[in-house]
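Okay, so here's the structure we're looking at.
Bear in mind that the values in this text are calculations on the coordinates, not laboratory data. These figures come from a predicted structure and were not determined experimentally. Positions of Cβ are backbone-derived with ideal geometry, glycine not excepted, and every protein chain shown enters the neighbour counts.
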Amino acid sequence: MDTIAAISTAMGEAGIGIVRMSGKESLSIASSVFKGKTIENLKEAVNRRLTYGQIYDPEDETVVDEVLIVYMKKPQTYTREDIVEIYCHGGVIAVKKILEILLKNGARLAEPGEFTKRAFLNGRLDLSQAEAVIDLIKAKTDKSYSVSLNQLEGSLSIKVNEIRNILLNMLAHIEVSIDFPEEDVEEVTYDELLKDSQKVLEEIDKLLSTAERGKILREGLNTVILGKPNVGKSSLLNAILRENRAIVTDIPGTTRDIIEEYVNIEGIPLKIIDTAGIRDTEDLVEKLGVDRAKNVVEKADLIIAVFDASRSLTKEDEDIINIVKEKRSIVLLNKTDLPNEYDVEELSNYIPDKKIISTSIANGEGIEELEKTIVDMFYSGEVELSGEAIVTNMRHTDMLNRARKNIIDVISGIEMNVPLDCIEVDVKNCWNYLGEISGETVSEDILDKIFSEFCIGK
Ligand code: GDP
Ligand code: ZN
């Protein structure tokens, strides 16, 4: 494999910047552009010890920057290859110049995620761990971060491997019975296979039951605030933003007229789809048109619908009530500080099974209850997420669902006394799909797709 190089720190004004190289030629490329203050040649540098000196352009002998440089000898490195890291001045220019010089002297620009891809290909991380690295970088709250960290430490891989071991054991049993088809062996086999496959199904279901919360932790709870003009939507959004740390993301959430605001509600990243409309006292439909507004509502995980208690219900409110019925939603009856036209009881006639909270957003009343309701909905009686394996990734969910389908076929096959070699096929498929999570049975294009989501330099 060739030697790759990239800027590993964020671009912009900063104290230091790091340029990283990985591959066989790392040391020789670095030593051809480095002049040490204390050593003649970088090749004399001690493994893993920082050395002070200058990066220069060998072509014209100009000095580019004053740096600290470290050589890390394989295999105890992130990529399991030789790595050189150069710590230079921050900002855009120094890192770019140093990168250019490395590229001119034999390194190739790394693709997004290529360092981590090499870590995976060289067996340093399995695929779900490598994916956890992306999630760590993109984590939006402490909680999302700690779930990714667990996954990086192998919580998901360990669970998946346990299930795969049961399947492997089943395959061994089937092989034996096919090779020695005495009747009593076969009966025992069916019994044991049934027990094992039920265990597999149970474990897969346990993992799948974490997937919704996992997706929310990774991507945020897609939330839309709905209400006719003037009910208090902007006031609500501002109150939520004021009270909760807004999350800074590097993913620009602005698509022309929809703005995404991330806030952290007790560790749950709430992604509030704010239309420019909501902020400007126009409403969603007016701003986006009926179809796009519908689309936004369709994709929402949570609707917060706001009604104005001081004005009687209108046709527009009815439309919103109809949406609320169909979706997971929380209803706010706002402006309860004013003389009321109607009350919670009247509103709950239309939506008896939805939580309705009386609010006076202008006075900050009811916001806390709203937040508590969101948190309760998220956990909905389930155990606190800690240590346990959580499925956060759509790809993993997809593989688990496929594996689940196969194990269900195994179970019904056993119940119908289908010949063992047919059952074996489904067991094997189940084993393979689970293997795609850890990357043991994954194809090259899927790998490319996964690593292309990374930033360059990781
Ligand atoms: P939007 O059009 O739905 O975004 O509504 P706004 O948030 O812009 O609020 C419309 C008006 O209602 C503003 O003048 C707010 O100050 C006022 N308002 C919002 N919430 C309350 C409330 O709880 N009580 C009262 N009295 N006024 C409110
Ligand atoms: Zn508004």
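Between the amide H of L221 and those of L270, K271, distances stay under 5 Å, these residues lying 5 or more places away or on another chain, with hydrogens modeled in the peptide plane.
In terms of its alpha-carbon gyration tensor, the stretch 4-99 comes out oblate; a/c meets the 1.5 threshold, while b/c is at least as large as a/b.
Neighbour counts of C-beta atoms inside 10 Å place H89, H396 in the sequence H89, H396, starting with the fewest. Working ranking of peptides 18-28, 405-415, 351-361, 169-179 by packing, defined as the average number of other Cβ atoms within 10 Å per residue, highest first, is 18-28, 405-415, 351-361, 169-179.
Taking a ≥ b ≥ c as the square roots of the eigenvalues of the Cα gyration tensor, the stretch 81-227 is classed as oblate, since a/c reaches at least 1.5 and a/b does not exceed b/c. Distant-in-sequence amide contacts of V64, defined by a placed amide H-H separation under 5 Å and a gap of 5 or more residues or a different chain, comprise I55, Y56, D57.
Per the helix-only calculation at 222 nm, which mean residue ellipticity applies to the chain, given -39500 (n - 2.57) for every DSSP H run of n ≥ 4 and division by its residues, nearest 500 deg cm²/dmol? Provide the component values of the computation, followed by the final result.
Details: 18 runs with 223 residues, N = 458.
After summing the helix terms and dividing by the residues of the chain, the value is -15000 deg cm²/dmol.
Is the shape of the chain rounded, prolate or oblate, going by the alpha carbon gyration tensor and its root eigenvalues a ≥ b ≥ c, with a/c under 1.5 for rounded and a/b larger than b/c for prolate? Because a/c hits 1.5 or more and a/b fails to exceed b/c, the chain counts as oblate.
Placing a pseudo-label 7 Å from each Cα along the Cα-to-Cβ vector at Y350 and E44 gives an inter-label distance of 8.2 nm. Taken about its Cα centre, the stretch 56-151 carries a charge dipole of roughly 520 debye when the Cβ of each Lys and Arg holds +1 and the Cβ of each Asp and Glu holds -1.
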